[in-house]
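Heads up: the structure comes next, in C-alpha cells.
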Amino acid sequence: MKTYWKVSLAALAVGSGIWIGAIYSNTASGAGTTPGTTDDPVVTKSYVDQQIQQALNGGSGGNTNPTNPTQPSQGADEVKNVALKPGKILIADAGTEFIVRSGNAVIYTEVSSGVADLTDGKDLLNGQAAPKNHLREGRGIQVKEGQTSNLIVMVRGGYTIK
C-alpha cells in the first residue's frame, strides 16, 4: 500500500510540474506578440544603418532636401559614385569627402573660406575650377556652366543635391 501512495504522489507531482511549466511557457513566449507587428517590429540592416546615420548627423540624415531625396553612402568608409546632372549642386555634409572623376566642376560655397583641397593643401574659392582626382571636403560643387553631360563624383559621407 505504501508503494501505491508513492507512485500516485510522484505522478501527481510530475503532472503538476508539466501543467505549471506549460502555463509559464505560454506567458513567457512573447505575451501574444506576432513578429512584424507594431509590438514586435522586424527591421532591416539598412533601416538600422539609416537611423544610426541620422543620429550621428544630428537628425538630418544627410538629406535636407525632401523634394530630391539623396541618401548618403551606407557606411562611413563606403565611397558612392554620384552622377550630377547639369544645373544641380552637390552640397556635402560636414566631414564628407568628394572627388571629381569626370566632367568639369566648379566650387560652390556661400562662405569666403572656400572648399579644402586636401591633395594640394589649399582652399578653392566659389566658382573656381575643381581639379579632377583631388580629395576635398566640406561645402560643395556644381557642374560647370555650359557643360551638357553629367559630372561623375565619388562621395564618402552624407550629401544633398539641390
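The values are calculated or read from the model by the stated rules, or taken from the named source; none is laboratory data. Here the structure is a predicted model, which is why all the values come from computation and not from measurement. Using ideal geometry, Cβ is built from the backbone for each residue, glycine included, and neighbour counts are taken over all protein chains shown. These accessible areas exclude ligands, DNA and RNA; they are computed on the full protein's heavy atoms, side chains included. Shrake-Rupley method; radii C 1.70, N 1.55, O 1.52, S 1.80 Å.
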Evaluation of V42 against (1) touching a Pro at 6+ places or on another chain (Cβ under 8 Å); (2) surrounded by 14 or more Cβ atoms within 10 Å (Cβ to Cβ); (3) modelled with pLDDT of 70 or more; (4) over 30 Å from E145 (Cβ atoms) (one fails), failing number
(2)
Among what's in the stretch 125-142 and is aliphatic (A, V, I, L, M) and assigned to a loop (DSSP other than H, G, I, E, B), pick the residue that is modelled with the highest pLDDT.
L125
With closer than 26 Å to K45 by Cα, open to solvent by 70 Å² or more (accessible area, probe 1.4 Å), modelled with pLDDT of 80 or more and acidic (D, E) as the only criterion, which of E97, E78 stands out?
E78
